[in-house]
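Heads up, the thing below is written out as structure tokens.
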Amino acid sequence: MKVTVFGCGYLGATHAACMAELGHEVLGVDVDADKIAMLSDGRVPFYEPGLPEVLQRNLESGRLHFTSDYDEAAAFASVHFLGVGTPQKRGEYAADLRYVFAVVDELVQRLEGSHLLIGKSTVPVGTSVEIKKRIAASGTAADIEVAWNPEFLREGFAVKDTLHPDRIVLGLDPEGDTAAVTAQVEEIYATILAEETPFLTTDLATAEMVKASANAFLATKISFINAISEVCEAAGADVSVLADAIGYDQRIGRKFLNAGLGFGGGCLPKDIRAFMARAGELGAAPALTFLREVDSINMRRRARMVELATKACGGSLLGSNIAVLGCAFKPESDDVRDSPALNVAGQLQLQGAGVTVYDPKAMDNSRKLFPTLGYSDSVSQACELADAVLVLTEWKEFVELKPADLEPVVRKKVIVDGRRCLDPAVWIHAGWEYHGLGGTPRV
Ligand code: UGA
């Protein structure tokens, strides 16, 4: 089949490359000409393991192309995926839908004949109806169906999650030809569906809400364990063992119960806020007030980390040298959007510490956002003369660190584990002062 994918960010670029990998002819579209030039040249504008290989392979096969030209896109295919960003509005909780609507408006005026517009972006419930209204108001003579097919990929696992998803959800418009749209989507995902991937068809509102609810649940799970970690800390209990123990209950499950610095990135924080804002617009605000608490527990982690670092530096950050290991919002990503690690690094600097950051992939993005922080090209350089070493993103490289790796360079043997990813016994037995966010277990 021939498909276009609008938006070539983390979601769209991955989706475009993976649709080509499934055997379709794909045109990725983005208004950012630099991004299009890079992708056309086989270079992924962000770090995503496995994606460069898929991109390269499919560019070479001739199935994958990129453009900034909407005329070309409108003429290329009759199925169009919408994968542009839906960031948080400045100064508000609501999602900013300007990019979604811009694509719809630009595309629709160029379409002739029958087309299917499949939304993938995370949007407030009701957006696809809004899109339908815009299409109607445009006066187009084209026959355009709207469907919603939310994406559940995680950064760092984007290729795997796209090609082997846990499920496919398809929201259909009851006023449209639901059977024909379902058949088209089944054809697009035929290879995936052949793996017996669950395929759920529903209405547009439910499909939109599935995504918002899934992210709200994941965020809640993380804040739940972080709230419990606060109590553990007060009670002298070990939240890591506790998470293992409750996680064995299959109704609970161990995943997303890692206590620490909490969630960040371009999805969970803004998605729970947009969900609350939309519930408010719908007159259902009280149903989601708990998400406010989820958000505030999460933000408290960052403040708590700063307190812990202050304690580790002997009660004052002034004049302390702090090494920050990790500034991406999570490992296997170079994304620093709403990164808890970077937020903490910035706060430490504001409070008078000298901060030197090292991250295996996120340094460039971080420099753009926080140019005043110090940056080093390696762990050992970052830790030179450090009064405290903070592990804020659990990259494998940091998890595997041994005390002897850092001992020749640090000024003080003090380590603060913001992700509870190190083995405290190893560090304590080597004579280090170890602090774990969420409590230091007895060893
Ligand atoms: C999240 C969802 O997991 C995806 O399913 C969804 O498709 C995506 O948002 C999206 O809406 O596009 P992502 O933001 O890539 O994916 O990252 P996650 O793996 O969910 O991690 C989010 C944050 O939670 C990270 O900062 C991570 O460090 C933190 N986290 C995760 C914890 O603090 N504890 C955990 O146990 C798990």
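Within the stretch 82-100, if we keep just the residues that are surrounded by 15 or more Cβ atoms within 10 Å (Cβ to Cβ) and without any contact (Cβ under 8 Å) to a residue 60 or more places away in the chain, the residue that is nearest to Leu170 (Cα to Cα) turns out to be Val100.
Looking only at residues of the stretch 292-342 that are aliphatic (A, V, I, L, M), in a helix (DSSP H, G or I) and more than 20 Å from the chain's Cα centre (by Cα), we find that the one that is nearest to the ligand (Cβ to nearest atom) is Met305.
For first residues located in the stretch 310-322 and among the hydroxyl-bearing types (Ser, Thr, Tyr), partners that are not in a loop (DSSP other than H, G, I, E, B) and lie 6+ apart or on another chain with Cβ distances below 8 Å form the pairs Ser316/Thr310; Ser320/Gly354; Ser320/Ala388.
How many residues are at pLDDT 95 or above, out of contact with any strand residue (DSSP E or B) (no Cβ under 6 Å at 6 or more places or on another chain) and closer than 25 Å to Lys413 by Cβ when one looks only at the stretch 317-339? Of the residues in that region, 5 qualify. Just one of the listed residues (Glu433, Glu407, Glu400, Glu394) is under 25 Å from the mean Cα position of the chain (by Cα) and surrounded by fewer than 17 Cβ atoms within 10 Å (Cβ to Cβ), and it is Glu400.
Does the stretch 239-255 contain any residue that is within 26 Å of Arg167 (Cβ to Cβ) and either surrounded by 20 or more Cβ atoms within 10 Å (Cβ to Cβ) or assigned by TED's automatic domain parsing to the domain that holds Leu422 (or both)? So far as the stretch 239-255 goes, yes, one or more of its residues are within 26 Å of Arg167 (Cβ to Cβ) and either surrounded by 20 or more Cβ atoms within 10 Å (Cβ to Cβ) or assigned by TED's automatic domain parsing to the domain that holds Leu422 (or both).
In the stretch 259-271, which residue that is more than 6 Å from the ligand (Cβ to nearest atom) and outside any helix (DSSP H, G or I) is surrounded by the most Cβ atoms within 10 Å (Cβ to Cβ)? Residue satisfying both the conditions and the ranking: Leu261.
Among the numbered conditions (1) within 10 Å of the ligand (Cβ to nearest atom); (2) touching a Ser or Thr at 6+ places or on another chain (Cβ under 8 Å); (3) over 30 Å from Met1 (Cα atoms), the only one that Phe256 does not meet is (2). Does any residue of the stretch 100-115 turn out to be farther than 23 Å from Thr182 by Cα, within 16 Å of the ligand (Cβ to nearest atom) and of a type in the set (Gly, Ala, Ser)? No, because not a single residue in the stretch 100-115 is farther than 23 Å from Thr182 by Cα, within 16 Å of the ligand (Cβ to nearest atom) and of a type in the set (Gly, Ala, Ser).
The values are calculated or read from the model by the stated rules, or taken from the named source; none is laboratory data. The structure displayed is predicted, hence computed values, not measured ones. As a convention, Cβ positions derive from the backbone with ideal geometry for all residues, glycine included, and neighbour counts pool all protein chains shown.
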